[in-house]
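Quick note: the coordinates plus some simple rules give every number you see, no bench work behind them. All values reported here derive from a predicted model rather than from experimental measurement. Heads up, the Cβs are rebuilt from the backbone with ideal geometry, glycines too, and the neighbour counts pull from every protein chain shown.
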Amino acid sequence: MPSRPRLLALDTASLYFRAFYGVPDSLKAPDGTPVNAVRGLLDFVATLADAHSPDVVVACWDDAWRPQWRVDLLPTYKTHRLADPEAPASEQAEESPEGLAPQVPLIREALGLLGIPVVGAPDAEADDVLGTYAVSWDGPVDVVTGDRDLFQLVDDAKPVRVLYTARGVRQHDVVDEAWVRDKYGIEAAQYVDYAVMRGDASDGLPGVAGIGEKTAATLLGTYPDVLAIAQAAHDDGSTLKPRVRQSLRDSLAYITAAVEVVTVKPDLPNLPQPAMAPPDLDGFATFAERWNLGGSAQRVLTALGHPTDD
């Protein structure tokens, strides 16, 4: 039986932010535009493609980095990332370093010239696009991200892995169910419940007072999910300690909302099935020269199976 195609699904913003902060900003185009994030992102794609030999690469995009429906459920969601918290909701933007903003459209253009589809969806984060492809793709999926919340997608049976870049793209961890179990003492399918109880300042999740990582893992060893734990908190016959019981009771509204906020969408409608387009090699060569992409351009072309004679 022929092997099923492997999908490399990029949490694109996670990668270009990492590239921006990890590659010197002295790398510039002839007109002075910084290109460190562009070059870094292309090097990341090359490194990952070399390591995992995907059949298809897709760049998942934040069409809405902070969807209103998530904010309606949990007003603290990502508030610390707002460039201007006082701005009207329709005008609120993510705080971004000055040198990165002009590079984002260049990154999108470079990916298009390479034949890598860039896919977003209305009112959805890249996480939701990744979640949908994790379910719908007929084959193995490698999700590339620095976001721990996406550990919820890990599924050995499909299989879906997370290539976790917290230690760097070259030193990324290959996260499967055993990795999550060893790291956190929970099942990957319980990661949402774990994150909701523990909290996550990076996403504006306050967590449940008095419940840290160890207590959350212990509770999830006894109960299947956080809603079952919350239900036990209202059962005077359960074995929950009084302090934990009261915290869970006080946090029921938060728990209910946060579970929905943290869970990525597995079924966004009308997403195209990712497919690599033929690269525009001449167009990419012109683009690379104009923006001084140097060896990064050659490396990504070679990794994607389009070596040049240069």
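Quick notes on this one:
- The peptide list 118-126, 12-20, put in order of mean Cβ contacts within 10 Å with the highest first, becomes 12-20, 118-126.
- Karplus (6.51, -1.76, 1.60) ³J(HN,Hα), θ = phi - 60°, over region 201-218, in Hz, Gly and Pro reported as x: 4, 5, 10, x, 9, x, x, 9, 3, x, 10, x, 4, 5, 5, 4, 5, 4
- Converting the Cα gyration tensor eigenvalues of region 161-310 into ellipsoid dimensions via √(5λ) gives semi-axes, longest first, of 46, 16, 14 Å.
- Length available on full extension from Thr222 to Ser96: 0.36 nm per residue minus the Cα-Cα distance, which gives 41.2 nm.
- Amide proton proximity set for Gly120, modelled H, under 5 Å, gap of 5+: Trp61
- Around the amide H of Leu82, modelled in the peptide plane, lie the amide H atoms of Glu95, all under 5 Å away and 5 or more residues distant in sequence or on another chain.
- Considering only beta bridges that DSSP places wholly inside the chain, some 30 percent are antiparallel.
- Between Asp200 and Val118, the C-beta separation translates, for a Förster distance of 25 Å, into a calculated FRET efficiency of about 0.40.
- Stokes-Einstein diffusion coefficient of the chain, Kirkwood radius over Cα pairs, 20 °C, 1.002 mPa s, in µm²/s: 103
- Using θ = phi - 60° and Karplus 6.51 cos²θ - 1.76 cosθ + 1.60, couplings along region 256-268 (whole Hz; Gly, Pro as x): 4, 5, 5, 4, 5, 5, 6, 5, 7, 6, x, 8, 4
- Long-range HN-HN contacts of Val162 with modeled amide H, under 5 Å: Val143, Val175
- Each label was represented as a point 7 Å from its Cα along the Cα-to-Cβ direction; for Gln231 and Glu187 these points are 1.5 nm apart.
- Length added when fully stretched, Lys214-Ala166, from 0.36 nm per residue minus Cα-Cα: 15.2 nm
- Rough spin-label spacing in nm, given labels placed 7 Å along Cα→Cβ, for Leu281 and Asp173: 4.0
- Couplings 3J(HN,Hα) of region 55-65, computed from phi: 7, 9, 10, 10, 9, 7, 10, 7, 5, 9, 6 Hz, in residue order, whole Hz [Karplus 6.51 cos²θ - 1.76 cosθ + 1.60, θ = phi - 60°; x for Gly and Pro].
- Label positions at Thr302 and Glu260, each projected 7 Å from the Cα along the C-beta direction, are separated by 5.1 nm.
- In a fully extended conformation the segment linking Asp25 and Arg243 would gain 73.5 nm over its present Cα-Cα distance, using 0.36 nm per residue.
- Taking a sphere under 13 Å around the Cβ of Ser3 and counting the other residues whose Cβ falls inside, with K and R at +1 and D and E at -1, yields a net charge of 0.
- Here the peptides 43-51, 96-104 are ranked by packing, the mean other Cβ count within 10 Å, and the order with the highest first is 43-51, 96-104.
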